[in-house]
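Notes follow the structure.
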Amino acid sequence: MNKTITALISLISLTLGHATEFTDFCASMGTVTNLVGIHQAATNDANGFAINFWQSGFEGANAASVALSNPHMAQADAFGNVYIADKSSHTVLKLAADGTIHTIAGIHTAGFNGDGPAQGNALQISNPNGLYVFPDGTVFILDPGNHRIRRIGTDGVMTTVVNDPDPNWYPSGRALWVQPDEQLIYYTNEFAPVPPSIIADGATVKKWTPAGGIEVVCEKAVGFRNPGNLAVNPIDGKLYVCDRAEEDLTKVEIGMWRIDGFNARTRMTGNVYNSFPVDGQPALTSFVDQPRGIAFFANGAYLLCGHKNGNVYYISTTGQIYLYLHGRATKDYYNLTNGLHPPLTGLAPNGQEWFSQPRAVTLAPNGNILVVGADSGFVFQVGNATTPHLPSDLHITTKDATGALLNWSGQYSRGYRVQHTSTLSPPNWQTVGAAPGTPAGVPSLFHDAAAGVETQGFYRLLPSL
């Protein structure tokens, strides 16, 4: 056969394979559900500052009646709760599984009144716009206004994990990632403007470990301007950073980058000289304007949202990009209704885009997709339609006076509820916690301290709610 024809057939086969991956992904997901948000006529005051819409009557109210205040991130636990970094109300809100809203961090005014330990809703935070949640409900908060990273335990008690004294840390920064054992944290901060400029003077990527403290991963000179979010790829174990570079008028620094070492980064989405994404086109030659959110699947595929593209994209395991949710780059649009089945690539019935300005996209432990968008501040989810898969290799690795250590092969980006009973006749299953899935080859672990005093016990895993 002619080599040209053979190469063409191979290319067509490869392209169809990429499209099949995206088609399979779309089939694995369900429909849209609006979780919280109310459209506002204006979201900034006369001076251009975001309005704090919080009212005392919102506490404990149904989410359908609650207005958010410039939310930037939403993540979920294994028990059906969704946590929202509500930047301009200076709080972290918990959307409980029963649909009610509760304040778990902050007092709804910016400030600092201590590091704790104290109940999270008694301590002030300032402009929280980064969030990381574990399946058991442990919450980490990027608190840029106070130069801190906070931790809220499952008991609601907040402590400070990182106190970064960098005097140039501008009260902004959105990116936060925490390793499951809590021994590694990645985060970003922007530098204060150099007068007379009022624009942030670049940004840096940092990490924290108990042994090494705060260390710089990428210095300001590397070129990061306005990182929107970051995540670790479960396949290569490397850090990926979305840089909006909002203040870069040339747009040359805009993109998603892979971190390959100290001060070393590799571009993963196209630069400003490339065309806007077309389905099946390599992400590396597609210009996603101001990428702001990233969420990895277990196989290394990921979701990426572009603030100024206004869209949420699916990037396949081989790097091809596909439009999944069609949004708008500007204004305050929100036309999503419950029951819509993505991909939503056209326009809403009113001729407008479905929503505007996605701020974050994350994966819940049950496989749902969570998206935060629009200036008014809305959080919606796309439900996971697949049957939960539970591992069959759950076993107790060690059992001693300190408790029982459980081990199993979990799936990255998913969470598992752990239940225990002291007898099987009849069983009395009690939930004792939850744990995240891990990359392939890395066991999921759960330590049950209460098991140290018992002579007999049994465990089982349940999927996340």
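The values are calculated or read from the model by the stated rules, or taken from the named source; none is laboratory data. Here the structure is a predicted model, which means the values were calculated and not measured. Neighbour counts are summed over all protein chains in view; Cβ atoms, including those assigned to glycine, are modelled from backbone coordinates with ideal geometry. Accessible surface areas use protein heavy atoms only, side chains included; no ligands, DNA or RNA. Shrake-Rupley method; radii C 1.70, N 1.55, O 1.52, S 1.80 Å.
Taking residues in the stretch 21-37 that are over 15 Å from residue 385 (Cα atoms) and in contact (Cβ under 8 Å) with a residue 40 or more places away in the chain, and partners anywhere that are in a helix (DSSP H, G or I) and open to solvent by 30 Å² or more (accessible area, probe 1.4 Å), the pairs with Cβ atoms closer than 9 Å and at least 6 places apart or on different chains are 34/64; 36/64.
Restricting the search to the stretch 160-218, which residues are in a loop (DSSP other than H, G, I, E, B), surrounded by 16 or more Cβ atoms within 10 Å (Cβ to Cβ), at pLDDT below 95 and in contact with a His (Cβ under 8 Å, 6 or more places away or on another chain)? Once the filter is applied, which keeps residues that are in a loop (DSSP other than H, G, I, E, B), surrounded by 16 or more Cβ atoms within 10 Å (Cβ to Cβ), at pLDDT below 95 and in contact with a His (Cβ under 8 Å, 6 or more places away or on another chain), the stretch 160-218 yields only 174. Residues that are at pLDDT 95 or above and out of contact with any Pro (no Cβ under 8 Å at 6 or more places or on another chain) within the stretch 412-426 comprise 418, 419, 420, listed in sequence order.
Go through (1) at pLDDT 90 or above; (2) within 27 Å of residue 315 (Cβ to Cβ) one by one and return the number of the condition residue 13 breaks. Checking residue 13 against (1) at pLDDT 90 or above; (2) within 27 Å of residue 315 (Cβ to Cβ), the one that fails is (1).
When the criteria are applied in full, residue 199 fails the requirement of being of a type in the set (Val, Ile, Thr), more than 24 Å from residue 168 (Cα to Cα) and out of contact with any Phe, Trp or Tyr (no Cβ under 7 Å at 6 or more places or on another chain). Within the stretch 34-48, restricting attention to residues that are outside any loop (DSSP other than H, G, I, E, B) and among the polar types (S, T, N, Q), which residue is surrounded by the most Cβ atoms within 10 Å (Cβ to Cβ)? Here the answer is 34.
Going by the conditions given, is residue 141 under 14 Å from residue 123 (Cβ atoms), part of a strand (DSSP E or B), in contact (Cβ under 8 Å) with a residue 40 or more places away in the chain and touching a helix residue (DSSP H, G or I) at 6+ places or on another chain (Cβ under 9 Å)? Lay out the reasoning, then the answer.
Values: under 14 Å from residue 123 (Cβ atoms): yes; part of a strand (DSSP E or B): yes; in contact (Cβ under 8 Å) with a residue 40 or more places away in the chain: yes; touching a helix residue (DSSP H, G or I) at 6+ places or on another chain (Cβ under 9 Å): yes.
Against the criterion (under 14 Å from residue 123 (Cβ atoms), part of a strand (DSSP E or B), in contact (Cβ under 8 Å) with a residue 40 or more places away in the chain and touching a helix residue (DSSP H, G or I) at 6+ places or on another chain (Cβ under 9 Å)), residue 141 qualifies.
Looking across the stretch 456-465 at every residue that is in contact with a Ser or Thr (Cβ under 9 Å, 6 or more places away or on another chain) and not in a strand (DSSP E or B), the one that is most open to solvent (accessible area, probe 1.4 Å) is identified as 456. In the stretch 38-73, of all residues being touching an Asp or Glu at 6+ places or on another chain (Cβ under 8 Å) and aliphatic (A, V, I, L, M), the one that is nearest to residue 109 (Cα to Cα) corresponds to 51.
Does residue 221 qualify as being exposed (fewer than 14 other Cβ atoms within 10 Å of the Cβ), assigned to a loop (DSSP other than H, G, I, E, B) and small (Gly, Ala, Ser)?
Numbers: exposed (fewer than 14 other Cβ atoms within 10 Å of the Cβ): yes; assigned to a loop (DSSP other than H, G, I, E, B): no; small (Gly, Ala, Ser): yes.
The answer is no for residue 221.
Of the candidates 64, 78, the single residue that is in contact (Cβ under 8 Å) with a residue 12 or more places away in the chain and under 15 Å from the mean Cα position of the chain (by Cα) is 78.
Of the residues that sit in the stretch 118-133 and are in contact (Cβ under 8 Å) with a residue 40 or more places away in the chain and not in a loop (DSSP other than H, G, I, E, B), which one is farthest from the chain's Cα centre (by Cα)? Taking the candidates together, the pick is 118.
Being open to solvent by 50 Å² or more (accessible area, probe 1.4 Å), more than 17 Å from the chain's Cα centre (by Cα) and touching a residue at least 12 places away in the same chain (Cβ under 8 Å) is the requirement here; does residue 277 meet it?
So residue 277 fails the test.
Checking 115, 45, 136, 86 one by one, the residue that is touching a residue at least 12 places away in the same chain (Cβ under 8 Å) and either closer than 22 Å to residue 359 by Cβ or basic (Lys, Arg) (or both) is 86 and no other.
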